[in-house]
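Participant: Dropping the structure in here first, questions after.
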Amino acid sequence: MKAAVLRQVNEPLTIEEVDIDQPMPEEVLIRTGAAGVCRSDLHFIEGSTGHPLPVVLGHESAGTVEAVGDAVTYVKPGDRVITCLSVFCGRCEMCLSGRPVLCTREGLTRAEGESPKLSQSGERVHQFLRLSSFAEQMLVHQNAVVRVDDDTPFELLALIGCGVTTGLGAVLNTAQVRPGSTVAVIGCGGVGLSAVQGARIAGALRIIAIDTVETKLATAMEFGATDVVDASSSDPVEKVKAITGGGVDYSFEALGAKRTAEQAFEMLRPGGTATVVGVIPEGTKIELEGSAFLDEKRIQGSNMGSNRFRTDMPRYIELYRQGRLRLDEMVTQTMGIEEINRAFTKMKSGSVNRSVIVF
């Protein structure tokens, strides 16, 4: 199969032929329909987060089941599915207490000595986040997919596999935004726009979108923002405080940077909660004013929108079908796997909401 392989940090991905194994017990072989190009992939390309190499990247995807291994009971060949990196075991304490996104994931990967899922000439090619969706096929655990009884296009379903679930979930699950509250979202890419939509769906009274790219701010207004702040021309913390008369109830950081995470905390009103959604580089420390905690301000993380993806994702699809969740407008461009490096160039320029690779 064709796949986009990362062989060296800060080098373009190369399109190569990669061998994919047959499914073992509880594994599912999927023909990839579409894969979104997410900023999290870029973190690994640039080396801010490490991963063994060579690796096939990609983790935001949807496709069709081609074959299943023994003991697979959830899906069958021909089923349409969305994948999710939040694969769960269903047995650990986190799964049994209702937080499968924090699953220990024991027993969900092949044992040492078993054949690798991906290889070239007998040598292992590493799988990324148990998915590796920048490829024509994926071989995943059955607990990494949700069956979709819907004809929504794959390029839209793929977005639900990561960006939409991460942004909406951060608002609805992690922070549990209350109706009538004030919200600020820092970063208006795919995840940030999903957070804006989540705040609108939750009934927030004021939704302030913050970015440095004018076109992204305009898009955020279309998606439900009531106010925008251009962080390239003014201090976003001061602007948010001026707009709200003292700060927001909830803030969401969707970029994964030290300073914006700190700003998310600084723009809170007393009793407010900041949620860091972006992936901050390994080793980075966040600095906060200690006395601010006397005002009962909080800062927390959100892993993939604190999802329970087998129940969350079908609900997001239904919100789309009802016209309450906008997905079509999030896809700026679609392209073939051979153009994937151009997709990352566009991402770094800030000129796209989401690029999607279609197969």
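Participant: If I go through the range 1-41 residue by residue, how many of them are within 27 Å of Glu114 (Cβ to Cβ) and at pLDDT below 95?
Facilitator: 1
Participant: Going through Gln142, Gln197 one at a time, which residue ends up being touching a residue at least 40 places away in the same chain (Cβ under 8 Å), assigned by TED's automatic domain parsing to the domain that holds Ile15 and under 20 Å from the mean Cα position of the chain (by Cα)?
Facilitator: Gln142
Participant: Another one. Filter the range 303-332 down to residues that are hydroxyl-bearing (Ser, Thr, Tyr) and touching a residue at least 60 places away in the same chain (Cβ under 8 Å) and give me whichever is surrounded by the most Cβ atoms within 10 Å (Cβ to Cβ).
Facilitator: That would be Tyr316.
Participant: Also, I was wondering about something else. Name, by its number, the condition in (1) in contact with a strand residue (DSSP E or B) (Cβ under 8 Å, 6 or more places away or on another chain); (2) modelled with pLDDT of 95 or more that does not hold for Gly323.
Facilitator: (1)
Participant: So in the range 118-133, with the set limited to residues that are part of a loop (DSSP other than H, G, I, E, B) and in contact with a His (Cβ under 9 Å, 6 or more places away or on another chain), which one is nearest to Val37 (Cα to Cα)?
Facilitator: Ser133
Participant: If you don't mind, another one. Quick one: which residue in Glu26, Glu93, Glu46, Glu106 is acidic (Asp, Glu), crowded, with 16+ Cβ neighbours inside 10 Å and within 25 Å of the chain's Cα centre (by Cα)?
Facilitator: Testing whether each residue is acidic (Asp, Glu), crowded, with 16+ Cβ neighbours inside 10 Å and within 25 Å of the chain's Cα centre (by Cα) leaves just Glu26.
Participant: Identify, from the list Gly58, Gly78, the residue that is within 21 Å of the chain's Cα centre (by Cα) and part of a loop (DSSP other than H, G, I, E, B).
Facilitator: Answer to the check: Gly58.
Participant: Another one. Given the options Glu253, Glu214, name the one that is within 24 Å of the chain's Cα centre (by Cα), at pLDDT 95 or above and of a type in the set (Asp, Glu).
Facilitator: After ruling out the rest, the residue left standing is Glu253.
Participant: Condition (residue is of a type outside the set (D, E, K, R), over 18 Å from the mean Cα position of the chain (by Cα) and over 24 Å from Met347 (Cα atoms)) applied to the range 153-165: is it met by at least one residue?
Facilitator: no
The values are calculated or read from the model by the stated rules, or taken from the named source; none is laboratory data. Bear in mind the structure is a predicted one, so any value in this text is a computation, not a measurement. Neighbour counts run over all protein chains shown; Cβ positions are idealised from the backbone, glycine included.
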